[in-house]
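Read the structure below first, then the notes.
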Amino acid sequence: MRRYLALFFDYLTQYAKVRLSYRGDFFVSLATSLAATICAFGFVFILFTKIPKLAGWRFEEVIFLYGFSLIPYGLFNVISMNLYDFGNNYIIEGKFDRVLLRPISSLFQVLFETFRIESFHEVATGLFAVWLAARLLHLAWGWIDFTLLVFWGLCGAVIYVAIFLLLSTISFWFEDRIGVHPPVWNLIAFGRYPLSIYSGFIQFFLSWIIPFGFASFYPSVRLLGREQFHRYAPLVPVVAAACLALAIFTWSRGVRHYSSTGS
């Protein structure tokens, strides 16, 4: 474990040096991502100028939910670049052969060879939105609530990573440059709003098929002290562990199935 932690920080620091060596490109990417986040919050603001509540949720509560959703999403985005392009870059282009030659876990290398460090702003923006909404709602938090905020944020990031890792493993059996990530990635936005605004089928789908609800919605319900859906919050780490275990198991099967590239 100590060795892999040291390797992780080496990967991160080296990539940060490379990324920041092109400062103009980095700051343009950061500004673009920040503008997209601000526009998303702007949509919520405009929405609540038209309606007083959204399925019983006040403006401050939706801001809290949206802010919390950015925490695991931002952490996931930092390490998700290679998952999106895994089928094209590693399988079709043959880079996975190089990965298998190194005496390090292939999954570790794929996850941490590339970072999107500008996505840390999403975590910072999410924390600020949670803090602001909590003040407006006059939430009395203790150390347990702050601990749960961090813990559930990490669990949400694990859920996102596990789901998209599972989707990436499909490339071991079906070579496709685009993959199946785009339509599933679009579903993340559904978890940034109260699940109660959706039909029963959508609620079930986002809870038990692709459990994005456990990455953001159910933790937010507990932190806000709402009674509805309150009982699902303790299942967040269970769902995260189950998703990760399934993804790692499928990855291992995929690696054994991999037969290198052709000529």
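The values are calculated or read from the model by the stated rules, or taken from the named source; none is laboratory data. Keep in mind the model is a prediction, meaning the values are calculated, not measured. Here the Cβ positions follow ideal geometry from the backbone for every residue, glycine too, while neighbour counts run over all protein chains shown. Surface accessibility is based on the protein's heavy atoms, side chains included, excluding ligands, DNA and RNA. Shrake-Rupley method; radii C 1.70, N 1.55, O 1.52, S 1.80 Å.
Hey, any idea what % of the chain's accessible area is carbon plus sulfur with a 1.4 Å probe? That share works out to 68 percent. Put the Cα centre of the range 121-187 next to the Cα centre of the range 93-107 and the gap is 27 Å.
So how exposed is ILE46, as accessible area in Å² (1.4 Å probe, rounded to 10)? Roll a 1.4 Å probe over it and ILE46 shows about 100 Å².
Over the range 144-214, the pair-distance histogram of Cα-Cα distances with 5 Å bins from zero comes to 3, 14, 21, 20, 18, 13, 6, 2, 1, 0 percent, rounded to whole numbers. Only aspartates and glutamates eight or more places from LYS50 in sequence, or on another chain, were considered; those with a Cα closer than 16 Å are GLU60. Taken along its principal axes, the alpha carbon cloud of the range 1-141 reaches lengths of 58, 32, 29 Å, longest axis first.
By the compact-protein rule of thumb, 2.2 N^0.38 Å, the alpha-carbon radius of gyration of the range 56-139 corresponds to a ratio of 1.54. Computed from backbone phi, the HN-Hα couplings of the range 102-118 come to 8, x, 9, 3, 5, 5, 4, 5, 5, 5, 10, 6, 9, 10, 10, 5, 5 Hz, rounded to whole numbers (Karplus: 6.51 cos²θ - 1.76 cosθ + 1.60, θ = phi - 60°; Gly and Pro given as x).
Pair-distance distribution of the range 110-242: all C-alpha pairs, bin width 5 Å, starting at 0; shares per bin in whole percent are 2, 9, 17, 22, 20, 15, 9, 4, 2, 1, 0. Our estimate of slack between VAL238 and ILE104, defined as 0.36 nm per intervening residue step minus the Cα-Cα distance, is 45.5 nm. Working note: Debye formula, equal point scatterers on the alpha-carbon atoms of the range 23-77, no solvent; log10 I(q)/I(0) at q = 0.23 Å⁻¹ is -0.93. Along the range 237-248 the Karplus relation, 6.51 cos²θ - 1.76 cosθ + 1.60 evaluated at θ = phi - 60°, assigns HN-Hα couplings of x, 5, 5, 4, 5, 5, 5, 5, 4, 5, 5, 5 Hz to successive residues, with x for each Gly and Pro. When the convex hull of its Cα atoms is viewed from all sides, the range 169-263 shows a mean projected area of 7.3 nm². Computed from the Cβ-Cβ distance with R0 of 30 Å, the FRET efficiency linking LEU139 to SER199 stands at 0.50. In plain terms, if you count all Cα to Cα distances in the chain and split them into 10 Å steps from zero, the share in each step is 6, 28, 33, 22, 9, 1, 0 percent. Here the calculated FRET efficiency for ILE38 and SER259, from their Cβ-Cβ distance with R0 = 51 Å, stands at 0.65, rounded to the nearest 0.05. A dipole drawn for the range 108-201 from +1 and -1 charges on Cβ atoms has a positive end, and of TYR160, LEU148, GLY179 the residue lying farthest that way is LEU148.
Averaged per residue, the chain has 51 square angstrom of accessible surface, using a 1.4 angstrom probe with ligands and nucleic acids left out.
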